[in-house]
Protein chains: 2
Amino acid sequence: MGGHEVSESPLPSLVLDGTSRIVLLVMDGLGDLPDPAHGGHTPLAAARTPNLDALARRSALGRLLPVSPGITPGSGPGHLGLFGYDPLEYQIGRGVLEATGIDFDLQPSDVAARGNFCTVDGEGKITDRRAGRISTEVCAELCAELSKISVPGVQAFVEPVREHRFVLVLRGEGLSEAVSDTDPERLGEKPLAALATATDGEATGKLVNKWTAGAGKVLADKSPANMLLLRGFAKRPSWPQMPETFRLRAAAVAHYPMYRGLAKLVGMDALPVGPKIEDSIATVAENWGRYDFFFVHYKYTDTAGEDGDYDRKADKISEVDAAIPGIIDLDPDVLMVTGDHSTPAIMAAHSWHPVPFMLRSKLGRADGCESFNEIELTKGSLGTFPAKEAMALAMAHARRFRKFGA
Amino acid sequence: MGGHEVSESPLPSLVLDGTSRIVLLVMDGLGDLPDPAHGGHTPLAAARTPNLDALARRSALGRLLPVSPGITPGSGPGHLGLFGYDPLEYQIGRGVLEATGIDFDLQPSDVAARGNFCTVDGEGKITDRRAGRISTEVCAELCAELSKISVPGVQAFVEPVREHRFVLVLRGEGLSEAVSDTDPERLGEKPLAALATATDGEATGKLVNKWTAGAGKVLADKSPANMLLLRGFAKRPSWPQMPETFRLRAAAVAHYPMYRGLAKLVGMDALPVGPKIEDSIATVAENWGRYDFFFVHYKYTDTAGEDGDYDRKADKISEVDAAIPGIIDLDPDVLMVTGDHSTPAIMAAHSWHPVPFMLRSKLGRADGCESFNEIELTKGSLGTFPAKEAMALAMAHARRFRKFGA
């Protein structure tokens with residue numbers, strides 16, 4: 001008997017205060033496929049992982065569906081699910097992610113877009129969507145010049161992110177996020193005009209096109225970065241915050257801007273941290289008394305997967321493995337190890353495949369799995385379940401939920 | 001953090017009449033955790049269960065999620081799921097459960113609350129929330145005295161349940177269930193005033209407080225039961241009934257009032273039955289021709305778990321095991337054995353862990369599991385699935401569903 005309507009989730013009303021600690025360790029793009037060229041193993045199975053395997057023997061295991069079967073998530077939905085938010089309900093524009101990730105103080109009425117410097121030929125057609133990945137320094141110089149462009153009725157902030165990437169933030173009266181991308185996302189085409197995707201986007205689209213025309217003049221002699229592309233126009237969403245929803249003081253330990261930004265949108269503090277997994281563990285240790293929940297993000301598994309580099313992905317997993325004792329030494333009440341999605345090396349892209357997941361807690365069952373990899377954890381007791389439910393499991397094992405119903 | 005709407009379930013339109021018999025045997029709080037002090041086994045694994053194990057070898061096995069991952073259900077949600085009702089949609093107040101369980105003829109406009117006699121000190125602070133678990137006889141005497149309290153505008157029924165527990169039912173015009181508990185659920189505090197939880201609860205809250213003040217005078221010299229606590233104010237819900245929804249003449253074979261009450265709310269007849277599992281089997285046998293569906297409830301596994309008594313829980317499971325042949329002799333078309341939730345002995349409390357489940361039917365697959373316990377049934381073909389879907393499985397195996405669609 002299913003229903004007419006689904007009631008609000010009871011979870012928020014069940015939340016208890018507590019002193020327990022939860023650690024969520026995310027190896028970005030962790031999940032993979034067996035590679036016939038590597039003995040039919042996945043990078044996770046091939047990696048040297050004595051510590052993850054020992055953890056698996058004491059954990060409950062399963063596989064996460066980031067969104068739903070067959071859906072390949074971007075970084076936003078992949079992480080929002082892990083944070084306990086339904087990624088179909090909580091959707092976010094790329095511009096906001098990027099802006100928040102560089103600590104830009106986005107106002108509720110601002111509209112942000114992600115920018116790429118690109119290279120165009122004499123006819124204005126795109127020859128490199130990343131302008132040869134110019135250095136972050138060059139990016140910053142170009143952004144400074146673009147900041148001088150004046151368009152009546154709007155203030156435009158242009159902030160460098162990393163390499164060829166920047167953020168454009170428009171501030172003014174009545175701005176809308178209903179504006180299409182100028183990035184055609186393929187070579188050999190000219191940048192597109194920004195068009196309204198709903199009636200209220202018309203004025204903003206015109207402002208964007210005026211600004212882009214000005215930018216084209218500034219960049220004309222700046223080859224390889226002689227043009228730019230904009231996508232993901234968006235306003236800052238107003239979402240439930242983890243410190244209220246879950247009563248957790250939540251910290252993000254993430255080096256990459258996008259993941260910091262994402263974490264801040266759900267109310268986490270983004271702690272300053274270096275690029276290595278050892279830096280992350282040290283940061284967690286230093287802040288152990290100040291937070292209840294730590295989201296530790298490790299990017300390089302995904303990067304290797306995206307590059308189709310099986311061996312490097314396995315190596316990066318081994319690097320994380322070596323840092324696992326540092327987390328266990330802190331004795332978290334709940335330790336979850338997983339990914340935000342799969343990035344199979346043989347696909348060199350994100351995919352829809354379920355993601356390895358394990359949860360260690362004194363109150364968990366050990367499933368008798370011998371190791372942590374895609375095949376072994378089919379034996380796990382957690383089965384295949386939506387990523388958005390993992391946070392509820394963590395809260396339960398941390399004894400931060402009261403009983404539901406009489 | 002879930003979604004907006006779902007489509008109607010097609011199940012009710014698929015239901016067929018039939019002559020098949022379904023037995024649902026519920027060992028309350030069956031699921032458990034491995035206990036390092038007991039060789040890392042769960043009570044179910046440690047119990048002597050030759051009959052359950054033989055059944056497992058001929059059954060399809062899996063694990064039920066009572067509500068959703070991480071949610072620890074009370075008895076109400078735990079059972080409603082097993083009866084095929086979404087426990088998030090069909091929520092019930094404790095007062096109604098208790099009132100229905102003692103065969104109190106609750107009217108649609110009545111408001112019921114669960115009562116506990118308690119002990120307070122000279123300052124009125126609670127020193128024992130259960131008044132030393134007074135006998136049911138003393139409880140009945142106190143209830144008779146409290147029934148004499150007169151509050152203008154409302155009729156108050158006070159009915160004993162068991163030991164320190166009673167039911168208060170208010171009958172009158174315009175009563176509301178939007179009233180807060182007077183039970184602070186902790187020691188060292190005074191009983192709370194009943195407050196309105198919505199505007200329409202104000203008048204009822206005042207009536208409750210007047211009645212409680214009167215009760216305080218009656219009980220003042222009745223130590224250890226010198227005060228009372230009320231919680232779970234609720235009206236009788238009007239839910240789909242199993243005889244209509246599933247076209248099953250449904251019988252509850254449950255000794256404890258709460259489970260009888262719950263079963264009656266979904267349209268089951270609650271048959272008179274003694275406390276032992278043999279009593280239950282005899283009652284099923286006597287009524288075999290009169291009903292299509294039997295819900296057999298066994299309480300003592302949960303009681304042992306709640307008491308943190310691993311050995312007793314294992315013994316109680318063994319007692320149920322010895323009665324299994326009596327059910328099999330009746331040759332039900334579908335026999336399900338499961339629990340309503342987990343009550344791990346090492347936690348001495350209900351928990352969120354998935355619950356062992358097996359279904360035997362001539363139309364079922366045997367999964368090759370050698371025994372019935374938490375670890376072995378990770379090999380089961382049914383996987384981990386919501387308890388509310390078990391009833392549909394039973395209906396299918398009982399050939400009581402037609403084909404869906406052309």
TODO: Among A:Leu187, A:Leu265, A:Leu170, pick out the residue whose Cα is farthest towards the positive end of the charge dipole of chain A, where Lys and Arg carry +1 and Asp and Glu carry -1 on C-beta, about the Cα centre.
DONE: A:Leu265
TODO: Enumerate the calculated ³J(HN,Hα) couplings along region B:375-392 in order (Karplus 6.51 cos²θ - 1.76 cosθ + 1.60, θ = phi - 60°), each rounded to whole Hz, writing x wherever the residue is Gly or Pro.
DONE: 7, 4, 7, 5, 7, x, 7, 7, x, 9, 8, x, 3, 5, 8, 5, 5, 5
Open item on the list: With viscosity set to 0.890 mPa s at 25 °C, what whole-number translational diffusion coefficient in µm²/s follows for region B:231-280 from Stokes-Einstein and a Kirkwood radius over Cα pairs?
Closed with: 206 µm²/s
- [ ] Take the rotation relating chain A to chain B, measure from its axis to every Cβ in chain A, and name the nearest residue with the distance in whole Å.
- [x] A:Gly383, 3
Task: Inter-copy spacing of B:Phe404 label points, which lie 7 Å from Cα along Cα→Cβ, given in nm from shortest upward - done: 2.2
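Would you mind classifying region B:177-296 by shape? Square roots of the alpha carbon gyration tensor eigenvalues, ordered a ≥ b ≥ c; an a/c under 1.5 is rounded, otherwise it is prolate if a/b is larger than b/c and oblate if not. Can you show the working numbers first?
On the way: a/c = 3.87, a/b = 1.89, b/c = 2.05.
It comes out oblate by the Cα gyration axes.
In a shell of Cβ-Cβ distance under 13 Å around B:Asn51, excluding B:Asn51 itself, what net charge do Lys and Arg (+1) and Asp and Glu (-1) give?
Numbers: positive: B:Arg48, B:Arg57, B:Arg58, B:Arg360; negative: B:Asp53, B:Glu319, B:Asp321, B:Asp329.
Once positives and negatives cancel, what remains is 0.
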Task: Angstrom value of the Kirkwood radius, inverse mean 1/r, which spans all Cα pairs in region B:46-179 - done: 18.1 Å
Task: Amide proton proximity set for A:Asp128, modelled H, under 5 Å, gap of 5+ - done: A:Thr119
- [ ] Note the distances from B:Asp103 to each other copy's matching label point, with points 7 Å along the Cα-to-beta-carbon direction, in nm, sorted shortest first.
- [x] 7.3
Task: All aspartates and glutamates inside 12 Å of B:Lys276 as judged from Cα atoms, apart from same-chain residues fewer than 8 positions distant - done: B:Glu319
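Using the Cβ atoms and a cut-off under 15 Å, what net charge is assigned to the surroundings of B:Leu16, where Lys and Arg are +1 and Asp and Glu are -1?
Details: positive: B:Arg21, B:Arg247, B:Arg249, B:Arg399, B:Arg400, B:Arg402, B:Lys403; negative: B:Asp17, B:Glu244, B:Asp292, B:Asp333.
Once positives and negatives cancel, what remains is +3.
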Open item on the list: Could you list A:Thr378, B:Thr384 so that the one with the fewest beta carbons within 10 Å of its beta carbon is first and the one with the most is last?
Closed with: A:Thr378, B:Thr384
TODO: Decide, for region A:275-392, between rounded, prolate and oblate: order the square roots of the alpha carbon gyration tensor eigenvalues as a ≥ b ≥ c, take rounded if a/c falls under 1.5, and otherwise choose prolate if a/b is larger than b/c, else oblate.
DONE: oblate
Open item on the list: Can you tell me which lysines have their Cα less than 23 Å from the Cα of B:Lys379? Leave out same-chain residues fewer than eight positions away.
Closed with: A:Lys379, B:Lys362, B:Lys388
- [ ] Shortest first and in nm with one decimal, please list how far the B:Asp17 label point sits from its counterparts in the other copies (point 7 Å along Cα→Cβ).
- [x] 6.1
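Per DSSP H run of n ≥ 4, the term is -39500 (n - 2.57); total these for chain A, divide by its residue number, and report the mean residue ellipticity at 222 nm rounded to 500 deg cm²/dmol. Numbers along the way, then the final one.
On the way: 13 runs with 118 residues, N = 406.
That calculation yields -8000 deg cm²/dmol at 222 nm.
For region A:177-231, with only Lys/Arg (+1) and Asp/Glu (-1) charged at the beta-carbon, what is the dipole magnitude about the Cα centre, in debye rounded to 20? Could you put the intermediate results ahead of the total?
Numbers: 7 positive and 8 negative charges, 55 e Å.
Here region A:177-231 has a charge dipole of around 260 debye.
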Task: Cut-off 15 Å between beta-carbons: net charge of the residues surrounding B:Ser223, Lys and Arg +1, Asp and Glu -1 - done: 0
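Bear in mind that the values in this text are calculations on the coordinates, not laboratory data. Because the structure is a prediction, the values reported are computed rather than measured. Backbone-built Cβ (ideal geometry, glycine too); neighbour counts: all protein chains shown.
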